[in-house]
Structure formats: C-alpha cells, structure tokens
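Take a look at the structure set out below.
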Amino acid sequence: MNSSGVWGARRLQGSTLTLSAVLVAALIAAPVLSVFSNVFVGQTSDTWAHLADTVLGEFVFNTVVLCVGVGLGVASIGVTAAWLTTMLDFPGRRFFEWALVLPLAMPAYVMAYVYTDFLQFVGPVQSGLREAFGWRHGDYWFPDVRSVGGAVAMFMFVLYPYVYMIARAAFLERAGGMLEAARSLGLGPWSSFFRVSLPLARPAVVAGTALALMETLADFGTVSYFGVQTFTTGIYRAWFSLGDRIAAAQLSAALLAFVVLVLALEHLSRGRARFNNTSRQAALPVRVSLSGGRGWLAAFACFMPLLLGFLLPAGLLLEMALVEGDAQLGARFVQLARNSFVLAAITAFIAVLLAVLLAYAARLARSQLPRALNRVVGLGYAVPGSVIAVGVLIPLTRLDNWLAHSWEALFGVNPGLVFTGGIAALVYAYLARFLSVGLQTVESSLGKITPSMDDASRSLGAGKWETLRRVHMPMLRGSLLTAGLLVFVDVMKELPATLVIRPFNFDTLATQAHTLAADERLSEASTAALIIVAVGLLPMIVISRQILGTSRRRS
C-alpha cells in the first residue's frame, strides 16, 4: 500500500473511532438528557415555590455539609491507607493491602440500618452503658447516629476505598527514581510525600474523591432512613409523592451543579500544570520498615477504617442472620444471588469496553466534542438511580410499543416488550448510572501514558487500534481490573433503579433486603444483605489480589 493509502486508512480509523465514541456517549447520556429536558419547561404548579419557601435552604445546607465532610474524610482515609501500604512495611501490611477494599461490598443503606440498631437507645451499646454505670434516660449524652454527622460517617467508611484503590495504583506507578532524587536533595519522607508523591498522584486522588462525592449526592437510602433532607430526598418527594416531574428535574439540575462545581474548581486549580511521570525507573523504592510502636500504630491506622467500614457491620449482620435470619433462605436466595451476579457481571464487562473506547477516542480526538460528551456521561453518576430509571423507561417504552405495533402489523404476531420486558433496560440504566466509575479510572490511567509512546508506535506502522491493543492495553491491565471491580460492586448494591425497572417477578438481593428493611424486619433483611456482601466479596478479593500481584512483580 502506498503512503497515500496508509494515510487514508489511518484517517478512516480515526473517524470511525470518534464516531463510535460519540454514538456511545450519546446513548449513555440519553436518559440523563431526557430527564433534564424538563428543566426549561415552564412551571405549571406551585411545587417549586413551595419547596423554595420551606425546605430548599435545608437541602442546600445538608448537601454542602455532606460533600465537605465526606470529601475530606474519604481523601484523608484513602490517601493515608494507600501511602502506608505502599511505602511502609509494618505488621499486617500484606493483609491490609487487599482487605482495605472490602467496605466497597457493604451498601451504605445496609450500614445505616446496622449502626442504627447497634447505637440506638435500646441497642447493645447504650444498654450496656446504662447497665454498667446505672444511668437512666437523660443522665448522659450520646451522639445521634440518625443525623447529618451520622450520614457523613456512614459514607466515609463505605466510600474511602474509591480513593484508596486509585491513589494506591498511582503511588505504585510513581517512579522510585523520583523519590530517590527528592531525598538526595535533602527532602525527608514527609516532605517527599507532600512535595513529590502527592502532587503526582493528585489526579487519581481527585478522581476517587469525585466518585465518592457523586455516590454521596446520589444516595437516597441512607439519608432517607436517617431523616436527612437533601436534594435526593426532595427529588423523590417531588417526582413520586407530588407527581411533579418538572420540579424533580429542576432539583436534579441543582444537585448536578454541585458535582460540576467541584470538578470545575479542581480543573481550574491545576491550570496548565501537568502531572506526568517522566522517570525511566518504574520500580518502587524500598519500603521503609517500621518496628515497635510505630509499626503497630501504622497497623492500627489501617485497621480502624476496615473495622468500622466492614468487620463490625458485617459481624453484626452475621449475628442477626444466624439468630433471627430470614426463614426462606434456600433455593429462592440462590436465584436472587444469580440474578444479582449476572446483572453485575454483564454491566461491568460492557462498562469497561465502553470506558476504553470513550477514553481512547478523547485522547486521540483533535476536537473537544468527545471530551465534552465524556463529561456529560460522567454526570450520570450524580443522578439518583430512580431518576435514571425514569429517563430510561420513557424512551424505551415508546420504542417497545412502536416495535410491537410494527411487528404485529407486518407479521401478525405481537413480540411483547423487547427491551423493558427483560433485563436489557436494566443493564442500560446501570450503564448510564455507573459508566462514569470505569471512565474516571481508565481516563486517569490513560492520561499518565505519555503521548510520545503513541507517536513511536505509529512511526513503526501501527494504526490506532493496534496501538491500543499492543501498547496501551497491557499498561492499563491493572486499571481495567479496578474499573470492572468498581462497576461490579456498585451494580450489586444498586437499589432504586432496580426497583423501578426490574421485569415482573424478577428480584435481586438488593430489592429483597430493601423490602424487608422497609417493614422494619431488619433481622430478616440481614440475610439478603449478607449475601450481597458475600457475592461481592469473591470477585473483589480475586481481582484485588491480581492487581496486588502485578504491583509486587513491579517492586
């Protein structure tokens, strides 16, 4: 093939890649856009005025408090744990490396149920205190877990693994030569951390914190159970109680503005700075060994978030399940677990493929369109699951009805509901909701690969797809596993979208736990909640060990 033919083939590859990415981004963003299409519709009722006069200020205040508290909390816990397990050697380090991701398997709403039962007035903690000291009601003060502060604590200990996993991957990828150079210039361990490692890992830390904040903003189960009024509870009230979709869309847009503001401020703070690793050394520096009290202090710092985020609530759930669990445990729960696992696995696989496509297209595109569409796709994570579900159901129901009528007119047979009658609509909603998780992770990793590697590959005659397959994919393997893991666990825990879109007589572990907990049958709900954790634990541990094995081989 002559040079003009090669150039034409490469241009065709690039245009096909960009067109595919634009099409995928448009499909994923369609549910969000269909919901927000009502934002600029004229208000026909007084719902918005009523909300503005009564609870809108409370929505804003509680949402800001949650964002600030959770953001600071997950960043502090995640970065601290990632740095300790990456750069130091202390008792239990190998255990904490993979165990610190376990809270991701614990839904925040389940933790809220458990800690409420554990810390309430008639719970074991306060009952034990009264029995030990002879106190009565009013003789002592005890923090109320069903409050804004309690919600912040729940989200912190459930969501810090987002920052931990992404920050730890960034610390592992930081070159040992850069830290050695910093120390040769007189910087101590702490100075090297704050002036070298942390700035280099900053995009990863911000990406993990942004994911945690979007999860917090989109939560309904925890804040609703704790009685904390936020934009999500207002959206549910406006949409499902008051039946005003316009007011719900406007509240959703206000909620979305918080996420856009956080991401915009971070982007502006970086300016033209770049956080590339230019060192040729890929090996980690030798870990500093901590012995005695300092070693046990580091182990304690890693143990506490694991205890509060997983071990304690899981132990309490296990006790409730063994003592007063659901009597229907058996074949029914095998079916529920299978439904949950299949949905999570299918969605995670598709999400990783689409995340690679979108991130790679944005990397190669000369225009800003793919990047702008990626940002729109990412905003779906901040929208409540039930709102995404409505945005999926409206167009797909119309499409289903049109297909059914057309097929019946042509062939005389009604095929039924092709999309909304099965799990296709549910997987579509999951992708619109959780693709941002995989996309953030893949973009963060892909951004650390210097563009000169693409140029070198193409100078050797490799096209864009071959460069992706032979150059980028091997380097992204750990990040792709992380992205798939995050999406898998999120789908396992997803509740609102599943409740709205699930086909008739199709239940998952999350819907079963919600149905029982809503009736205050927490002991029975503990069985389904435990199975959610158990089903999510196996792939989490396996994939985490693969990621850690890759990092150890680099050490």
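The values are calculated or read from the model by the stated rules, or taken from the named source; none is laboratory data. Owing to the predicted nature of the structure, the values given are computational and were not obtained by experimental measurement. Glycine also receives a Cβ, built like all others from the backbone with ideal geometry; neighbour counts cover every protein chain displayed. Accessible surface is based on the protein model in full, side chains and every heavy atom, while ligands, DNA and RNA are left aside. Shrake-Rupley method; radii C 1.70, N 1.55, O 1.52, S 1.80 Å.
A few notes on this one:
- Take the conditions (1) at pLDDT below 85; (2) in a helix (DSSP H, G or I); (3) under 19 Å from ARG338 (Cα atoms); PHE504 misses just one of them, which is (2).
- Where a residue in segment 291-308 is farther than 13 Å from LEU88 by Cα and its partner, wherever it lies, is open to solvent by 50 Å² or more (accessible area, probe 1.4 Å), with Cβ under 9 Å and at least six apart: PHE303/LEU311; PRO305/THR80
- Segment 284-306, subset part of a helix (DSSP H, G or I) and exposed (fewer than 15 other Cβ atoms within 10 Å of the Cβ), residue modelled with the lowest pLDDT: GLY292
- Among the residues of segment 364-378, those that are touching a helix residue (DSSP H, G or I) at 6+ places or on another chain (Cβ under 6 Å) and assigned to a helix (DSSP H, G or I) comprise PRO370, ARG371, LEU373, ASN374, VAL376, VAL377, GLY378.
- When MET453 is tested against the conditions (1) surrounded by 20 or more Cβ atoms within 10 Å (Cβ to Cβ); (2) without any contact (Cβ under 8 Å) to a residue 24 or more places away in the chain, the lone failure is (1).
- Residues of segment 402-417 that are small (Gly, Ala, Ser) and outside any helix (DSSP H, G or I): GLY412, GLY416.
- Test: residue in segment 483-498 that is surrounded by fewer than 19 Cβ atoms within 10 Å (Cβ to Cβ), in contact with a helix residue (DSSP H, G or I) (Cβ under 8 Å, 6 or more places away or on another chain) and part of a helix (DSSP H, G or I): no
- Selected residue (only one of LEU403, LEU399, LEU343 is modelled with pLDDT of 75 or more, surrounded by 18 or more Cβ atoms within 10 Å (Cβ to Cβ) and of a type outside the set (S, T, N, Q)): LEU343
- Test for LEU33: is it open to solvent by 50 Å² or more (accessible area, probe 1.4 Å), closer than 30 Å to LEU509 by Cα, out of contact with any Pro (no Cβ under 7 Å at 6 or more places or on another chain) and assigned to a helix (DSSP H, G or I): yes
For (1) in contact with a strand residue (DSSP E or B) (Cβ under 9 Å, 6 or more places away or on another chain); (2) within 30 Å of ILE166 (Cα to Cα); (3) in contact (Cβ under 8 Å) with a residue 24 or more places away in the chain; (4) among the basic types (Lys, Arg), each residue gets a yes or a no:
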| residue | (1), (2), (3), (4) |
| --- | --- |
| VAL101 | no, yes, yes, no |
| MET106 | no, yes, yes, no |
| TYR113 | no, yes, yes, no |
| GLN120 | no, no, yes, no |
| GLU131 | no, no, no, no |
| ARG136 | no, no, no, yes |
| TRP141 | no, no, no, no |
| ASP144 | no, no, no, no |
| SER147 | no, yes, yes, no |
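- Looking across segment 489-512, just one residue is among the basic types (Lys, Arg) and closer than 21 Å to MET111 by Cα, and that is LYS493.
- Filter result (open to solvent by 50 Å² or more (accessible area, probe 1.4 Å) and either in contact (Cβ under 8 Å) with a residue 60 or more places away in the chain or closer than 18 Å to VAL352 by Cβ (or both)) within segment 409-427: ILE423
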